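We did not get these values from a lab; they are worked out from the coordinates using the rules stated. Because the structure is a prediction, the values reported are computed rather than measured. Here the Cβ is made from the backbone with ideal geometry for all residues, glycine too, and neighbour counts use every protein chain on show.
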Amino acid sequence: MKTAHQRLVMVGDRDGLKELLRRRLVECGWRDQVKLISKEIIKEHGHDISYDTLLSTVTSRARTLVPDSVKKELLQKIKNQLLAQEEKLKIVTDR
């Protein structure tokens, strides 16, 4: 049985969902917030901070800043697409 991720990749929906997420994050100002966080961390630690340390620090903070409305919208889109795929499979197998 294929995972939801594999099914979305197979039908090409994954790229559309990634683009939707990117747009929503830009619209709500999340991207700008993450840039500011990154700059603050670099100021605090100096330019000697490793990429891995910066990435892990920013990632943990950035995830908490994603608005619930964006999460809910994306989750609903994924559910709808998976249900639509399931319905298509039912129609094909019922023939």
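Here's a check for you: in region 36-66, which residue that is touching a helix residue (DSSP H, G or I) at 6+ places or on another chain (Cβ under 7 Å) and not hydrophobic (A, V, I, L, M, F, W, C) is nearest to residue 16 (Cα to Cα)? Per the criteria, the residue is 61. State all residues of region 61-92 that are surrounded by 11 or more Cβ atoms within 10 Å (Cβ to Cβ), under 27 Å from residue 29 (Cα atoms) and of a type in the set (A, V, I, L, M, F, W, C); if no residue qualifies, say none. The answer is 62, 65, 66, 70, 74, 78.
Of all residue pairs spaced 6 or more apart or on separate chains, those with beta-carbon atoms under 8 Å, a first member in region 59-78 that is small (Gly, Ala, Ser) and a second member that is part of a helix (DSSP H, G or I) are 62/30; 62/33; 62/34; 62/37.
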